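Working notes, structure below.
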Protein chains: 2
Amino acid sequence: MYNDTPIEEINQLMNEAWNAFHAYRKLSLKQRADFMRTIGVELENCGDALIQVAMKETNLPEARLRGERARTIFQLNSYAQACEEGTWLEASIDTAVPDKVPPKPDIRKMLVPLGPVVVFGASNFPFAYSTAGGDTACAFAAGCPVIIKCHPAHAETSTIVEEAILKAATKCNMPKGIFAHVYGTSFEVGKALVMHTHTKAVGFTGSYTGGKQLFDWANQRKEPIPVFAEMGSINPVFLLPEKLQAASKDIAAMYAGSITLGVGQFCTNPGLIIGIESEALQSFIHDLGKAIQQIAPGRMLHEGIANAYNGKKENALLQEDVHLVAESEYPSDGDRQTGVPTIATATGKAFLNNPVLHQEVFGPYSIVIRCKDMSEMTEVAKHLEGQLTATLMATDNDIVNNNKLVEAVKNICGRFIINGVPTGVEVCLSMHHGGPFPATTDSRFTSVGADGIKRFVRPIAFQNWSNSLLPDELKNENPLHIWRTVNNQLTKEKVS
Amino acid sequence: MYNDTPIEEINQLMNEAWNAFHAYRKLSLKQRADFMRTIGVELENCGDALIQVAMKETNLPEARLRGERARTIFQLNSYAQACEEGTWLEASIDTAVPDKVPPKPDIRKMLVPLGPVVVFGASNFPFAYSTAGGDTACAFAAGCPVIIKCHPAHAETSTIVEEAILKAATKCNMPKGIFAHVYGTSFEVGKALVMHTHTKAVGFTGSYTGGKQLFDWANQRKEPIPVFAEMGSINPVFLLPEKLQAASKDIAAMYAGSITLGVGQFCTNPGLIIGIESEALQSFIHDLGKAIQQIAPGRMLHEGIANAYNGKKENALLQEDVHLVAESEYPSDGDRQTGVPTIATATGKAFLNNPVLHQEVFGPYSIVIRCKDMSEMTEVAKHLEGQLTATLMATDNDIVNNNKLVEAVKNICGRFIINGVPTGVEVCLSMHHGGPFPATTDSRFTSVGADGIKRFVRPIAFQNWSNSLLPDELKNENPLHIWRTVNNQLTKEKVS
């Protein structure tokens, strides 16, 4: 239904985005924020029609999609508020000291946008990490035009969202080229977008293979550009002894829910649970298996994802010393898009020796690793690759008494949870949705929370400028009333 | 005199750095700051001996080296102060909202160190951008051990500085492996350092060829790591008409000084001056040439740099439509390390058509570009690659009346100067020493000022942790009394 956008058209769109950049970056923070809020209003105005199309394209249930749209609007509004509030600009002023030898000039610094940002929509979040999702919102707040390559699995949904954004752009008198929408199922479209000379940054949420390819292209350019690719995780959960002893039943119930939530199609899905051989661990595995048996399979996003799930799961189960604990006992309906909840188990030794078990099986699957002792559990933590999240199920005693494990886990994750589940990514400033490679291509940035804006900006210092010619953000009188660091002191006061 | 460090020894040092990282990152901000200040004291304690060795190795004059050591100590002290003050940690707290649907958990975020940082010392700043220089200071403040590859052109100087750092480490009870010093003239040493699995970031100041090679290696690793390479610039200076008319003599005198300062061996040296054909521009070129004739050649850092300077300068002067304006008239002393101050000129058209003229000629050389009008000058600005600095010599009228030029220049530089010279990089928070590629490999970071710490840290979010188990930076009572964002408000108050 939707043909790949021709390369000549992509080049044209990138040129328009480049022109739009020069106009858009000069607009005020308030104008950017108004535009973002208007997109939220237009998304709401899409009404039920948008939800129905998304249901058809993604197999996601209505309540989930309504929730996700609300979350997407919340993202737009909260990043708009952060944009306007201006702390993220890191405005800094060092006033002149003419008596110094040599004299210290007046120097003022703030963050400015990089230029057009190419966003690759994710399949598993058709709203929140897609066309009008977090990357788009952050780029608009930063002052950057956005060119989105919509995910082919929900092209119709994306097209409706595109129209909402373009309506908002018209209402807010945004420059032509502020937003463009590109279709692509081929390798060439993605490559043309990343390699275009006017592309200045890339945002991506999806698979390791996809994200790493974009990263490699971006670094092979004559002018390399930053890529923030969030590439998923196995999100290890460590069951510490005292906590497991006290609450194995509750943990099993909680995790049966987390593993199968949304048919396991979250990048924060707990795909790895690590415990120490004990009766409590046996009970936990038993209870988790029982619970999983009672959970109905669900339709996955599309047949490709279901095939990948089944293939990776089968491969994991074929590995030496890996055993199936339980699968959903619901009878098969023969639907090839179904993902069947599954729990496996293996020893710590098997896990340490087999890299296949470290790979993500995207879907409602988790493997419980049985370590022989805390020392082996710590070894497992040390051998894990970078993760978006890691979780400890632990009493305070467990944490205090197992410092080596805690430090090893801290070193490999972006978000460190105690006694909870990793699924559910709260949208707030303190959230970090990122992590060491291969969870993302740059552990220094996040794709959730207003700090995600910082992926798409760079500092510029103004030296010896007249006050009247400086950007408002840096004028003595602080007309925007933003937080600034003046001679090393954070303040909202004007410069005297 | 100094053999390349064997690869096995490098591997051993990296392992020690990795172990040191786990101890060092747990030390308090105050302990890090004390260590940094002690390094400053030990550098001072090196006394005249250090200056004498550096003079012998670099041909830099005594006053310059004394000044540079003082600057290096100032860097250590001021980044230590920033480290302790803690605003750079970007501590952020969102408290739980249990009534929200779904409930909002308690989430707190701060920046934590990446791991061992490999620093490549620069040849042109044996102290300030070398062994105990800005990259090293930022890494120590961040909580990262440092492995330095000293620049072979001043290995003895670097060895003395190494000893000062190790003395400070012993005095402050730093973990073994906190700092290591590596010699290398070969390709293999640099590659082994960048490719080592325990290396988590790289800092570099030097040539495009060197920096780009490190960047490429780092991105070819199984786990890519961030590289901040500052690779120099031609630092364009735009002479706007009203200002040039009013002050061509003063500008010529000021720039004759800036072009030849330190025998032109600064990454912020103004290698390109752009004006519009006019009598005033002719006078300026004449006066600049006259002034350059009166400036004595100086000995460059080493013969390799002098050869490169002469080769690149000759090549530039051979380009079509490029003319020599003036050279220093001091008689040659036959010293092969000498760099002769030189001014060339070409038309705007020649510059726009010839990429050779966009390349850095590292040394006391600058080319004056004569544009036919403001429109051509703006084209020149648009065609420039990324720059550390750009300068306008301009009246307020010039700036207000030439918005297109000003915006084009702003888009390609890291520091934007009005009516000054780019040489002289003030060490303060508002300084930005960075810029779009190829000035650096990542325009989002700086290598001067305490924000340089941010190259070597990543966020981590703590979700649902007991107050007593959180790092001090994130505890309710704010025991370190640092600035934090609590529920979206910047404050030093405790969390109630």
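Quick check on A:R108: is it open to solvent by 30 Å² or more (accessible area, probe 1.4 Å) and either within 24 Å of B:K454 (Cβ to Cβ) or within 14 Å of chain B (Cβ to nearest Cβ) (or both)? Outline the logic, then answer.
Working: open to solvent by 30 Å² or more (accessible area, probe 1.4 Å): no; either within 24 Å of B:K454 (Cβ to Cβ) or within 14 Å of chain B (Cβ to nearest Cβ) (or both): yes.
Here the answer is no, as A:R108 does not meet what is asked.
Within region A:316-336, the set of residues being among the polar types (S, T, N, Q) and modelled with pLDDT of 95 or more comprises A:Q319, A:S328. Here region B:219-271 is the region considered, the condition is being within 14 Å of B:I285 (Cα to Cα) and among the hydroxyl-bearing types (S, T, Y), and the residue that is nearest to the chain's Cα centre (by Cα) is B:Y255. Considered as a group, the residues in region B:437-452 that are among the small types (G, A, S), more than 7 Å from chain A (Cβ to nearest Cβ) and not in a helix (DSSP H, G or I) include one that is nearest to B:E376 (Cα to Cα), and that residue is B:A439.
Just wondering, is there one or more residues in region A:386-405 that are at pLDDT 95 or above and under 30 Å from A:K56 (Cβ atoms)? Within region A:386-405, one or more residues are at pLDDT 95 or above and under 30 Å from A:K56 (Cβ atoms). Could you please let me know if B:S496 is surrounded by fewer than 22 Cβ atoms within 10 Å (Cβ to Cβ), without any contact (Cβ under 8 Å) to a residue 24 or more places away in the chain and assigned to a helix (DSSP H, G or I)? Spelling it out, it is not the case that B:S496 is surrounded by fewer than 22 Cβ atoms within 10 Å (Cβ to Cβ), without any contact (Cβ under 8 Å) to a residue 24 or more places away in the chain and assigned to a helix (DSSP H, G or I). Sort through A:Q213, A:Q220, A:Q293 and tell me the only one that's within 14 Å of chain B (Cβ to nearest Cβ) and in contact with a Phe, Trp or Tyr (Cβ under 9 Å, 6 or more places away or on another chain). Just a single option satisfies the conditions, and that option is A:Q213. Within region B:82-95, being touching a residue at least 60 places away in the same chain (Cβ under 8 Å) and more than 7 Å from every other protein chain (Cβ to nearest Cβ) holds for B:A82, B:C83, B:E85, B:G86, B:W88, B:L89, B:E90, B:A91, B:T95. Can you find a residue in region B:479-494 that is within 27 Å of A:E84 (Cβ to Cβ), basic (K, R) and modelled with pLDDT of 95 or more? There is at least one residue in region B:479-494 that is within 27 Å of A:E84 (Cβ to Cβ), basic (K, R) and modelled with pLDDT of 95 or more.
Each row is one residue, and each column tells you yes or no for (1) among the aromatic types (F, W, Y); (2) in contact (Cβ under 8 Å) with a residue 24 or more places away in the chain.
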| position | (1), (2) |
| --- | --- |
| A:N11 | no, yes |
| A:Y24 | yes, yes |
| A:Q31 | no, yes |
| A:D34 | no, yes |
| A:A49 | no, yes |
| A:Q52 | no, no |
| A:L60 | no, yes |
| A:A63 | no, no |
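Looking at B:I165, B:I147, just one residue is open to solvent by less than 30 Å² (accessible area, probe 1.4 Å) and touching a Phe, Trp or Tyr at 6+ places or on another chain (Cβ under 6 Å), and that residue is B:I165.
Which of the residues that make up region B:473-487 are at negative phi, open to solvent by 10 Å² or more (accessible area, probe 1.4 Å), assigned to a loop (DSSP other than H, G, I, E, B) and within 11 Å of chain A (Cβ to nearest Cβ)? Even if it seems obvious, please write down each step before you answer.
Narrowing region B:473-487 to residues at negative phi: B:473-477, B:479-480, B:482-486.
With the extra rule that they be open to solvent by 10 Å² or more (accessible area, probe 1.4 Å), the set shrinks to B:473, B:475-477, B:479-480, B:483, B:485-486.
Next, from what is left, pick out any that are assigned to a loop (DSSP other than H, G, I, E, B): B:475-477, B:479-480, B:483.
The one that is at negative phi, open to solvent by 10 Å² or more (accessible area, probe 1.4 Å), assigned to a loop (DSSP other than H, G, I, E, B) and within 11 Å of chain A (Cβ to nearest Cβ): B:W483.
With the condition kept exactly as written, say whether any residue in region B:190-206 is at pLDDT below 95 and more than 23 Å from B:I160 (Cβ to Cβ). Within region B:190-206, not a single residue is at pLDDT below 95 and more than 23 Å from B:I160 (Cβ to Cβ).
Just wondering, is there one or more residues in region A:87-96 that are assigned to a helix (DSSP H, G or I) and open to solvent by 40 Å² or more (accessible area, probe 1.4 Å)?
So the first thing to find is which residues in region A:87-96 are assigned to a helix (DSSP H, G or I), and the list is A:87-89.
Remaining after also requiring open to solvent by 40 Å² or more (accessible area, probe 1.4 Å): A:87.
Yes, there is a match, as at least one residue in region A:87-96 is assigned to a helix (DSSP H, G or I) and open to solvent by 40 Å² or more (accessible area, probe 1.4 Å).
Out of the residues in region A:407-436 meeting the condition of being within 18 Å of B:P471 (Cα to Cα) and of a type in the set (S, T, N, Q), tell me which one is nearest to the other protein chains (Cβ to nearest Cβ). Here the answer is A:S430. Applying the set (1) buried (at least 16 other Cβ atoms within 10 Å of the Cβ); (2) basic (K, R); (3) within 14 Å of chain A (Cβ to nearest Cβ) to B:K100 leaves exactly one unmet item: (1). For region A:30-50, the count of residues that are open to solvent by 60 Å² or more (accessible area, probe 1.4 Å), more than 24 Å from A:K200 (Cβ to Cβ), among the hydroxyl-bearing types (S, T, Y) and touching a helix residue (DSSP H, G or I) at 6+ places or on another chain (Cβ under 9 Å) is zero. If you check A:L470, A:L490 for being hydrophobic (A, V, I, L, M, F, W, C) and either crowded, with 18+ Cβ neighbours inside 10 Å or more than 7 Å from every other protein chain (Cβ to nearest Cβ) (or both), only one passes: A:L470. Among the residues making up region A:3-53, those that are over 21 Å from A:G184 (Cα atoms) and among the acidic types (D, E) are A:D34, A:E42, A:E44, A:D48. Scanning region A:453-466 for residues that are in contact with a helix residue (DSSP H, G or I) (Cβ under 7 Å, 6 or more places away or on another chain) and either part of a loop (DSSP other than H, G, I, E, B) or polar (S, T, N, Q) (or both) turns up just one, A:S466.
Considering the conditions (1) outside any strand (DSSP E or B); (2) open to solvent by less than 20 Å² (accessible area, probe 1.4 Å); (3) among the hydrophobic types (A, V, I, L, M, F, W, C); (4) over 26 Å from A:L13 (Cα atoms), A:A141 is excluded by exactly one of them, (4).
The values are calculated or read from the model by the stated rules, or taken from the named source; none is laboratory data. Keep in mind the model is a prediction, meaning the values are calculated, not measured. Quick reminder, even Gly has a Cβ in these numbers, built from the backbone with ideal geometry, and neighbours come from all protein chains shown. Remember, those area values only see protein heavy atoms, side chains included, never the ligands or the DNA or RNA. Shrake-Rupley method; radii C 1.70, N 1.55, O 1.52, S 1.80 Å.
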